[in-house]
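One structure below.
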Amino acid sequence: MIKLHSPLEIKPDPRGGWQLVFWTGNAFDYTTSFRALLDDITQALGQEAQHDLQLPPYEVGEDFVEGTLRFGSSSLRIYYEHSLSYLALMCDSARVLQDVADRLRASVQVV
């Protein structure tokens, strides 16, 4: 189960395109495992983490991490930040992100 503090939200990405935002954990809480959350998201989408999820090597105290997640024929940009405790999947197509959100809804619990 993917536990979030608010429902999934698609909004404009300040750098262009769109972003699907996952608010989880508390600000500056380094116990929030965004890597585990991304594994859960990857699994819920039916993707394979070892092939479709690309992140830099883990670093203690990591923050402002960027990566990619392949979803079908699309490549989603990943950004997560412990400082604000959110994860975003970004791409140029709001429709692709809506498809991702629709596929994840059954696995999301807002707490």
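The values are calculated or read from the model by the stated rules, or taken from the named source; none is laboratory data. Model, not experiment: these values are computed from the prediction. Positions of Cβ are generated from backbone atoms using ideal geometry, with glycine treated the same way; all protein chains shown enter the neighbour counts. Surface areas here come from the heavy atoms of the whole protein model, side chains and all, with no ligands, DNA or RNA. Shrake-Rupley method; radii C 1.70, N 1.55, O 1.52, S 1.80 Å.
Listed values, structure above:
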quantity	calculated
Whichever residue in the range 75-88 is surrounded by 15 or more Cβ atoms within 10 Å (Cβ to Cβ) and among the small types (Gly, Ala, Ser) and, among such residues, is farthest from Asp13 (Cα to Cα)	Ser85
Tabulated pairs, the range 26-46, first on the phi < 0 side of the Ramachandran plot and of a type in the set (D, E, K, R), second buried (at least 18 other Cβ atoms within 10 Å of the Cβ) and not in a helix (DSSP H, G or I), C-beta under 7 angstrom, 6+ apart or interchain	Asp29/His82; Asp29/Ser85; Asp40/Ile2
Evaluation of Ala36 against (1) among the hydrophobic types (A, V, I, L, M, F, W, C); (2) surrounded by fewer than 17 Cβ atoms within 10 Å (Cβ to Cβ); (3) not in a helix (DSSP H, G or I) (one fails), failing number	(3)
Number of positions in the range 17-31 that are at pLDDT below 95 and surrounded by fewer than 18 Cβ atoms within 10 Å (Cβ to Cβ)	7
Every residue from the range 1-16 that is open to solvent by 60 Å² or more (accessible area, probe 1.4 Å) and either modelled with pLDDT under 95 or touching a Cys at 6+ places or on another chain (Cβ under 7 Å) (or both)	Met1, Lys3, His5, Pro7, Glu9, Pro14, Arg15
Restricting the range 89-108 to residues that are open to solvent by less than 80 Å² (accessible area, probe 1.4 Å) and either part of a strand (DSSP E or B) or of a type in the set (Lys, Arg) (or both), the residue that is farthest from Thr32 (Cα to Cα)	Cys91
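Residue-wise test of (1) part of a helix (DSSP H, G or I); (2) over 13 Å from Gln19 (Cα atoms); (3) at pLDDT 90 or above.
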| site | (1), (2), (3) |
| --- | --- |
| Thr42 | yes, yes, yes |
| Val60 | no, yes, no |
| Leu76 | no, no, yes |
| Tyr79 | no, no, yes |
